[in-house]
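The values are calculated or read from the model by the stated rules, or taken from the named source; none is laboratory data. Everything numeric in this text was worked out from a predicted model, so none of it was measured. Neighbour counts run over all protein chains shown; Cβ positions are idealised from the backbone, glycine included.
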């Protein structure tokens, strides 16, 4: 296998840059640069030299021996001064060595997958961790990266293999007396896995929201102060405000971190009937985005007058508390009155929803679990027909096992790999 290399730290000027090498020639290439012998595993301070004997830099060289490395291969890392000139010179020297080539995006992680250091779900967790912007995203990504989902799948798999083996034992000894009826234990094993799968599949939607962000739409009549409220929540002039009704005609989006959760606030057009074609398009878009949002903040006297249903834990606040005799239940983006309470309310609602999130975080995970559930439901139905159809029930169990194995990348995932790894940077 080729030895690959890439800058593993961020592009641009920095205090320290990390160049990673992986493959059979990783340590040898580091020894060539340092003109010294390096241990199979360990850390050394070395001066790096180019092919002409000119000094490149002083740095730290770390070596890892297969399989005790991130990729499962021999790995070397060069920690050097992070100027663009220094990193560029070191990368050029590596590119000139025979048998070395620049890594493709995500190739280090792909090798970790191929060498059994990570399963596919852990790879996705690593991608999410790199992209994490909030505390909730970090915690969720770490749970997946640590292998929690893989451990859960392995437990389900063992239970289903046990159930299938019991049925196949009855089939193998069909002409002999079977001392016990295996169907109660098989039924219990299948039911336990089905209960877990149902719970985890329900939690995927919330887990996806933690990963990609919740949408909170501010809806109200024209000139109700929605844009002013958005600006106050964002802490900057994100939307144009004026005293003229109908100023907002498109949906303005502002990304925020609320109580560690990723939230996108939506400022929508004022909801009213209008003969202005462009404003009408904005109103139609506002209604659609409001309905599709995870949570709505109704900034109005009467939510029923807006034509958008107020459901569940949607929030109703009165507009422009600075123009009212009483400020109870009202907010003002202009003065800031009630803003802190509104932020706390939104955060509380969304945080409460995250309690139902599971370990599985992607639609692909949910589909695999639903496929497994379908096979298990069929297995249970056939099981009730007695030993004559145990072979069919066992085959349905094997179908469920294959669906779960695809969840962690054991089978049938080759078509997913290029898409997954294309989102990684060169050094990962």
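Name the residue, out of 253, 237, that is surrounded by fewer than 18 Cβ atoms within 10 Å (Cβ to Cβ), within 21 Å of residue 334 (Cα to Cα), within 32 Å of the chain's Cα centre (by Cα) and at pLDDT 70 or above. Full working, then the answer.
Details: 237 fails: at pLDDT 70 or above.
Exactly one residue qualifies, and that residue is 253.
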(request) Sort out for me the helices (runs of 4 or more DSSP H) sitting completely within segment 314-416 that have 3 or more residues that are in contact with a helix residue (DSSP H, G or I) (Cβ under 7 Å, 6 or more places away or on another chain), free of Cβ contacts under 8 Å to residues at least 40 places away in the same chain and over 30 Å from residue 258 (Cα atoms). (result) 363-383, 390-407
(message) Considering only residues that are farther than 18 Å from residue 151 by Cα and either under 16 Å from the mean Cα position of the chain (by Cα) or crowded, with 23+ Cβ neighbours inside 10 Å (or both), which ones fall in segment 349-366?
(response) 350, 354, 363
(request) Report, by residue number, each residue of segment 367-390 that is surrounded by fewer than 17 Cβ atoms within 10 Å (Cβ to Cβ) and at pLDDT below 90. (result) 384, 385, 386, 387, 388, 389
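Tell me which strands (runs of 3 or more DSSP E) are completely within segment 21-139 and hold 1 or more residues being out of contact with any helix residue (DSSP H, G or I) (no Cβ under 7 Å at 6 or more places or on another chain) and in contact (Cβ under 8 Å) with a residue 24 or more places away in the chain, or say none if there are none. Don't jump to the end; show me each part of the working.
Working: elements: 42-49, 55-64, 75-82, 100-102.
Answer list for segment 21-139: 75-82, 100-102.
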(request) Please give the number of the condition residue 199 fails out of (1) more than 30 Å from residue 69 (Cβ to Cβ); (2) at pLDDT 90 or above; (3) assigned to a loop (DSSP other than H, G, I, E, B). (result) (3)
(request) For residue 71, state whether it is in the same structural domain as residue 13 (by TED's automatic domain parsing), within 30 Å of residue 208 (Cβ to Cβ) and touching a strand residue (DSSP E or B) at 6+ places or on another chain (Cβ under 8 Å). (result) yes
